[in-house]
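Data block below; observations after.
Only the coordinates and a few stated rules stand behind these numbers; no lab work does. Given the structure is predicted, the values throughout are model-derived calculations rather than measurements. All Cβ positions, even for glycine, are placed from backbone atoms using ideal geometry, and neighbour counts span all protein chains on display.
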Ligand SMILES: Cc1ncc(COP(=O)(O)O)c(C=O)c1O
């Protein structure tokens, strides 16, 4: 990869803050956006700022055409069979809530998650447990925080007959580990359970083929993969989407309505209620094209290189613990760590203030995992393909200094 050329595509790298460049390591929250995405959004507002799918004048037709093109691009990117399997949402959270509220789950139905879920894939099931009496079960991770396939099989067996959905985080935002989705899906099938994948931290980082994987639903966010803020996608198998009741209803979801009733449109329209984030959708299409141009293999390889460098450097810091497996190859672009006796927020704050190194600290919306282990929180570096070894060096050198001062 030509890093200099890539970095020129991201306006933020040309920016100085307090006389220094920026080291952006908070990509699990949101990535930066390349010029192509920013321009696509700007073009929408400047050249055709109209509704899609409704009016039939020139501007509206252009919006409809561009949104349709984005839907096709995204369908191809994840290996969906048709573009109608792609529903635009605001984010991963909305996609998961759509599935939770549209599946007809009843009292006693079991939904199985990991013990490392982001609140987006935890709270919806807890709410359904309260409202409808579904049963939410959790697969505990192994000692090194990786997925315990044997435990999963045991829980599936004890849930036989009632297990309706395996809803799991594909790649964890907490430690970057990825679950063995293929095996999980095969086993879920044997018990008649559907599978929903939270791919918020997976889709931006490696090739996923939903068709090969045989996933039933998959949610991900545009803003974590170079796309505009407040964009997301829910993939669903068409025959399942046809059966789901929409969660939000209203304009654009129906073929017609009378005072007494209505007829819903087929998927995806019946799930996309009201005017949409057209600029965002078009921008997300551009973001996917950009990622494809870089190549998903190259993205994963660069993240590994960066993670390896940081992990090796961190081995020299006494009292520092990395969450998850020791091998950086198992943790994508994420290094989540804590240092005995030092508040993670303080580390993040000083890195930002003194060196413009931007990371995240806290419990990363996975409060349940931290609470169950009595860990206050972690500092999390999340790298993306545009980060460099120089970025890692600046981070590690400053981290070492800060830890020495705070100790
Ligand atoms: C694994 C995972 N799932 C879900 C989400 C929620 O994403 P969003 O806030 O875009 O809905 C995140 C966000 O960080 C995440 O990392």
- Output the peptides 391-397, 213-219 sorted from most to least packed, where packing is the average of other Cβ atoms within 10 Å over each peptide's residues. 213-219, 391-397
- Hydrodynamic radius by Kirkwood for the chain, inverse mean 1/r across distinct Cα pairs, in Å, is 22.3
- Taking the Cα atoms of the stretch 328-378, report the difference between the largest and smallest coordinate on each principal axis, in whole Å and largest first. 33, 27, 20
- Of all DSSP beta bridges with both partners in the stretch 176-308, the antiparallel percent, nearest 5, is 75
- Using alpha carbon centroids, what distance separates the stretch 339-376 and the stretch 159-183, in Å? 25
- Task: With just the Cα atoms of the stretch 28-166, tell me how far they stretch along each of the three principal axes, in Å, largest first.
- Result: 58, 35, 28
- Which value in deg cm²/dmol, rounded to the nearest 500, describes the helix-derived mean residue ellipticity at 222 nm for the chain, given -39,500 (n - 2.57) per DSSP H run of n ≥ 4 and division by the residue count? -12500 deg cm²/dmol
- Query: How big is the gap, in Å, between the Cα center of the stretch 204-245 and the Cα center of the stretch 122-136?
  - Reply: 22
- Task: Can you tell me how much longer the chain between residue 183 and residue 264 gets when fully stretched, taken as 0.36 nm per residue apart minus their C-alpha distance, in nm with one decimal?
- Result: 25.6 nm
- Item | the chain - share of DSSP beta bridges that are antiparallel (%, nearest 5) | 55
- Item | Relative contact order (%) - the chain, alpha-carbon pairs under 8 angstrom, separation at least six | 22
- Query: Considering every Cα-Cα pair within the stretch 1-58, what fraction, in whole percent, is farther apart than 18 Å?
  - Reply: 54
- Note on the structure: Descending packing, highest mean Cβ count within 10 Å first, for 379-390, 100-111 is 379-390, 100-111
- Query: How much of the DSSP beta bridge set in the stretch 162-237 is antiparallel, as a percent to the nearest 5?
  - Reply: 45
- Note on the structure: Given a Förster distance of 25 Å, the FRET efficiency implied by the Cβ-Cβ spacing of residue 20 and residue 45, rounded to the nearest 0.05, works out to 0.20
- Rounded to whole Å and ordered largest first, report the semi-axes of the equivalent ellipsoid of the stretch 223-283 derived from its Cα gyration tensor (root of 5λ). 25, 15, 8
- Query: Rounded to a whole number of µm²/s, how large is the Stokes-Einstein D of the stretch 108-222 at 10 °C and 1.306 mPa s, given Rh as the Kirkwood radius over C-alpha pairs?
  - Reply: 112
